[in-house]
Amino acid sequence: MLEIKNLHVKLEEEDKQILKGVDLTVEAGKVHAIMGPNGSGKSTLSYVLSGRDGYEVTDGEAALEGEDLLDLEPEERAAAGLFLAFQYPVEIPGVGNMTFLRTAVNAQRKARGEEELSAADFLKVVRAKAKDLKIDADMLKRPVNVGFSGGEKKRNEILQMAMLEPKMCILDETDSGLDVDAMKLVAEGVNALRDEGRAFLVITHYQRLLDHIKPDVVHIMADGRIVKTGGPELALEVENNGYADILAEVA
Amino acid sequence: MALPQVKQDATDARLAALGEVTATGWSAKVRADALARVRQMGLPGARDEYWKYTNPARLTSVEPQAASLFETDESPVFGTVDRLRIIFVDGVFDADASDDLSLEGIEISRLAEAQAADIHWAKDVYGVLEANGQTPVERPLAALNTAFATDGVLIRVTGKVSKPVALSYVHANTQSDAILHHVVKVEEGGELTLLENGPAAARFNKVLEVEVADRAAFHHVRAQGRDHERQAVTHIFARLGEESLFKSFTLTANGVMTRNEAVIELTGDDASAHIAGACVGDGDFHHDDTVFITHDAERCESRQVFKKVLRNGATGVFQGKILVKEGAQKTDGYQISQSLLLDDDSQFLAKPELEIYADDVACSHGSTSGAIDEEGLFYLRSRGVPKDDATDMLTLAFLAEALDEIADEALAEEILDRMAGWLVRHRA
């Protein structure tokens, strides 16, 4: 599904290399987790894949189902099936959440040559999915993320994911700022989307999210590279011993 | 005090070109007095403090600059709204194109014909609110209008009017120089929605005087025409009675020179005045909103909300003042002026002012200038919304607070559609 080879990325503004040769393959139907200390490049990887400005790819490649991602505009990547659940979802005053969702869904359908959803059909679908995530009508009416609590913002990300039905979902520290109940709700939302045709890349600092979203593969990222790959037990090792042992071992 | 020579010469030249004030009947004296005011004040010049950001030369010159006509196959604005239409072509009332002027709860007469008749109520308003609005800041172009207006309507509202009255201005002659003066009086308990649309002329000087009596309501929605080359100066003078409501919204798209002034006086307790404007300009667009609100009664509320979207070197100006007189306790005043600059070439010049002589008031004002929020733009694009659409969404969201000042949803929707259409046509 997602294939990253020898990806090197630096910040455009300053001459600072952040990713120093990332190799990663995520297969359809699988959940991969990336863990790693602060500053290891986890969030940069998610931003580069989704097409945010400010990064320069100096070497390597990234492809989604064989299609080169790096040459595409952010909206084209989205239409190709990539979705990033933001660590800090952006507030957009003046744009209603429902309008935003419908515009996004229909823009992607249009880009893929599909027919746009009618207002009635859209409403039916969004209500059902919102209900599962305990998102009430008021939250759907309010401007995008404005005045939302941390948990509401993350649930809103998952609602967008559910509506857009992407093939490749990247969750960037979706557990940050969540209490246990909110994390369970978010994890249930993610698990409901697990499917043979869909892959997940879950970026997190902590093992606890992985208790709820069980990964198939766990990667440890440090200093711009994947330094170790293993099964779910690797996450437990981090939880118990921190990163120091692993980093010492691969150094 | 003698006027500076440059100003004296410019004023003399313009007045000579306009010729004699030719009114008969009750308006003769009012017009003569207005002419005396113009002579005493002189027409505005580029050195005047009140015209620091907007050069008035094109509004005061002897002849207007020619303005080519705007051709469009779009449906006219407010076309879907059931309304009483009053049409002016290059500043002249067109009876054939207009609807029958009779409607329950309202009396409409044509200024050009009404001057000879004895219309008591109009005598208390025509030129009176304008004259009153000449202090503390002089507005010579409004006095010039009172003296020389060739047409306009006098509207008296005695009840709740069943549909809006729409003044539609057609521009047909590339050299036209129109001076229109309308007077509205909404009597106690009455309610009127007044619509205005169209560019009117190559050069347009318009005054609207509005007396809103106790417990009356006046709604005003205006879409200034898209003729890019037209030059316009407009004034609204409003006086508000007890528990009355005044709401005015203006959309301006295109125009090399537009100066919209509003002078609003809250004279009755518990009155409310909201004035808002949204403008979108591309290239050699110059738009000036100049507002002066005086609180002279207790517990009144006023709101000024002005939003400007500027690109390719367009200029936006805002001068807004709230004056709270002694004794105007519990005043609630709010003023915001914001610009969205879509590139580095455009500019926004703002002069917000508060002057307060009462000690128990809440007044706030703010003015900002900014670019499109890159974070928001990326967020929308990452969800699949193409860049141009995402930019338009954020731009319309920026304008939304001004649009919220239109009470009628259908009218607000109509204005929103026009703004969205403009944005699509003026993409980078």
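The values are calculated or read from the model by the stated rules, or taken from the named source; none is laboratory data. These numbers come from a predicted model, not from an experiment. Reconstructed Cβ throughout: ideal geometry from the backbone, glycine too, with neighbour counts over all protein chains shown. Surface areas here come from the heavy atoms of the whole protein model, side chains and all, with no ligands, DNA or RNA. Shrake-Rupley method; radii C 1.70, N 1.55, O 1.52, S 1.80 Å.
Counting only residues that are under 14 Å from A:Ala162 (Cβ atoms) and either open to solvent by less than 70 Å² (accessible area, probe 1.4 Å) or under 21 Å from the mean Cα position of the chain (by Cα) (or both), segment A:118-135 holds 10 of them.
Taking segment B:195-222 as the range and being open to solvent by 10 Å² or more (accessible area, probe 1.4 Å), assigned to a strand (DSSP E or B) and over 21 Å from B:Asn145 (Cα atoms) as the test, the residues that pass are B:Ala217, B:His219.
Just wondering, is there one or more residues in segment B:385-397 that are closer than 24 Å to B:Phe218 by Cα and not in a loop (DSSP other than H, G, I, E, B)? No, segment B:385-397 contains no residue that is closer than 24 Å to B:Phe218 by Cα and not in a loop (DSSP other than H, G, I, E, B). The set of residues from segment A:48-65 being without any contact (Cβ under 8 Å) to a residue 40 or more places away in the chain and either open to solvent by less than 10 Å² (accessible area, probe 1.4 Å) or not charged (D, E, K, R) (or both) comprises just one member, A:Gly51. Restricting attention to segment B:23-78, and to residues there that are without any contact (Cβ under 8 Å) to a residue 24 or more places away in the chain, assigned to a helix (DSSP H, G or I) and within 23 Å of the chain's Cα centre (by Cα), which single residue is farthest from B:Ala223 (Cα to Cα)? For segment B:23-78, the residue satisfying everything is B:Glu49. The number of residues in segment B:27-54 being in contact with a Gly (Cβ under 9 Å, 6 or more places away or on another chain), open to solvent by less than 20 Å² (accessible area, probe 1.4 Å) and within 30 Å of B:Ile119 (Cβ to Cβ) comes to 3.
The requirement of being open to solvent by 50 Å² or more (accessible area, probe 1.4 Å) and part of a strand (DSSP E or B) is fulfilled nowhere in segment B:307-314; no residue meets it. The sole residue among B:Ala314, B:Ala328, B:Ala350 that is more than 30 Å from A:Gly54 (Cβ to Cβ) and either under 21 Å from the mean Cα position of the chain (by Cα) or within 14 Å of chain A (Cβ to nearest Cβ) (or both) is B:Ala350.
Evaluating A:Lys16 against the criteria (1) more than 28 Å from A:Ala107 (Cβ to Cβ); (2) in contact (Cβ under 8 Å) with a residue 40 or more places away in the chain leaves one unmet condition, (2). Among the residues of segment B:368-391, those identified as at the interface with another protein chain (Cβ under 10 Å from one of its Cβ atoms), within 23 Å of B:Ile336 (Cα to Cα) and open to solvent by 10 Å² or more (accessible area, probe 1.4 Å) are B:Asp373, B:Glu374. For segment A:88-107, a residue qualifies if it is open to solvent by 10 Å² or more (accessible area, probe 1.4 Å) and at the interface with chain B (Cβ under 7 Å from one of its Cβ atoms), and the qualifying residues are A:Val90, A:Pro93, A:Gly94, A:Thr103, A:Ala107. So, A:Ala111, is that one at pLDDT below 90 and within 14 Å of chain B (Cβ to nearest Cβ) or not? Yes; evaluated as a whole, the condition is true for this residue.
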